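S.K.: Quick one: structure below, then a few questions.
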């Protein structure tokens, strides 16, 4: 009977830590190497033994060839320590070696979009201009948090709502003082949450004309609801 208390039958040869990212499919291979004293004709059984587990969304699988895989798509950020044991392939399941493993899951990047179905980007002040914004992250997770629409200048908040979708009709775009026209940039920012990083959309630029300096037509084309007519 092998003396499990003192003999060194195999070693873990893979790193004892790995970094993953929320929403990104990943695989890490745990490897072991038997020593010349290894007494069995079968590979060891590789298992997680301390009651902790790999990150949510990932599974530990013994491959039956001195290796195991930690694979899946992480769905929660954080640090996840656990202990891997290489057990004898025959009962009783004596531990031949152990490794403390540290899995770290980083927050995911997001994509924030900002668009408008209104074709006019130059229009008379105080007319409606509708924008739609979405935030999406990798994998099946939903990017909860807050979407905030801002106007620059002066950098003020026009509207905030719960992610992942914002739809808003702006009616307050106007010239300042005696200006005959002013240019504004619209942007949506995402607050982030426990699994997703903050992010910002590309800018939409609009030019607003003073109503006092515009001669209105009476035959303008039909436009979608929520968009400027002139």
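S.K.: Output the relative contact order of region 10-106, whole-number percent, from Cα pairs under 8 angstrom with separation of 6+ residues. Kindly include the intermediate steps, with their values, before the conclusion.
M.R.: Working: 237 pairs, mean separation 34.1, N = 97.
Once divided by the residue count of region 10-106, the mean separation gives 35 percent.
S.K.: Could I ask something else about it? Equivalent-ellipsoid semi-axes (√(5λ), Cα gyration tensor) for the chain, whole Å, largest first?
M.R.: On the way: eigenvalues 812, 37, 25 Å².
Result for the chain: semi-axes of 64, 14, 11 Å.
S.K.: Another question, if that's okay. Determine, for 194, 200, the number of other Cβ atoms within 10 Å of each Cβ, and report the residues in order from fewest to most.
M.R.: Numbers: 194 11, 200 14.
In increasing order of surrounding Cβ atoms, one gets 194, 200.
S.K.: Looking only at the chain, where both bridge partners belong to it, what percent of the DSSP beta bridges are antiparallel (to the nearest 5)? Can you show the working numbers first?
M.R.: On the way: 59 of 68 bridges.
If we restrict to bridges inside the chain, about 85 percent are antiparallel.
S.K.: Still on this structure, I have one more. If each residue of separation counts as 0.36 nm, what is the full-extension length gain between residue 15 and residue 35 once their alpha-carbon separation is subtracted? Before the final figure, lay out each step's value.
M.R.: Numbers: separation 20, 0.36 × 20 = 7.20 nm, distance 1.82 nm.
Taking residue 15 through residue 35 to full extension adds about 5.4 nm, to one decimal.
S.K.: A further question on this structure: Please list, in order, the residues from region 122-140 whose amide nitrogen is less than 12 Å from a point placed 7 Å along the Cα→Cβ vector of residue 174.
M.R.: 125-127
S.K.: Nearest 0.05, what FRET efficiency do residue 167 and residue 52 give at R0 = 30 Å with Cβ-Cβ as r? Before the final figure, lay out the partial values.
M.R.: Values: r = 43 Å, r/R0 = 1.43.
The calculated FRET efficiency here is 0.10.
S.K.: For the pair residue 203 and residue 42, how long in nm is the line joining their label points, each one 7 Å along Cα→Cβ?
M.R.: With each label point 7 Å from Cα toward Cβ, the separation is 6.7 nm.
S.K.: Run through all the Cα pairs of region 105-230 and give the fraction in each 10 Å bin from 0, expressed as whole percent.
M.R.: Per 10 Å bin, starting at 0, the Cα pair percentages come out as 13, 39, 27, 14, 5, 1.
S.K.: For a protection proxy built on the mean count of beta-carbon atoms within 10 angstrom, sort 54-67, 88-101 highest first, please. Could you put the intermediate results ahead of the total?
M.R.: Details: 54-67: 16.6, 88-101: 15.1.
Result, highest mean Cβ count within 10 Å first: 54-67, 88-101.
S.K.: Now a separate question. Would you mind giving the three semi-axes, in whole Å and largest first, of the ellipsoid equivalent to region 1-99 according to its Cα gyration tensor? Display every interim value, and only then the final one.
M.R.: On the way: eigenvalues 153, 30, 24 Å².
For region 1-99, the semi-axes come out at 28, 12, 11 Å.
S.K.: Still on this structure, please answer the following. Measuring from label point to label point, each 7 Å out along Cα→Cβ, what is the residue 122 to residue 229 span in nm?
M.R.: 2.1
S.K.: Starting from the Cα-Cα distance between residue 185 and residue 63, subtract it from 0.36 nm times their residue separation and give me the gain in nm to one decimal. Present the calculation step by step, with values, prior to reporting the outcome.
M.R.: Values: separation 122, 0.36 × 122 = 43.92 nm, distance 5.52 nm.
38.4 nm is the gain from fully extending residue 185 to residue 63.
Where a number appears in this text, it was derived from the coordinates with a stated rule and is not lab data. What you see is a predicted model, and the numbers here were worked out from it, not measured in a lab. Methodologically, a virtual Cβ is constructed for each residue, glycine included, from the backbone with ideal geometry; neighbour enumeration extends over all protein chains shown.
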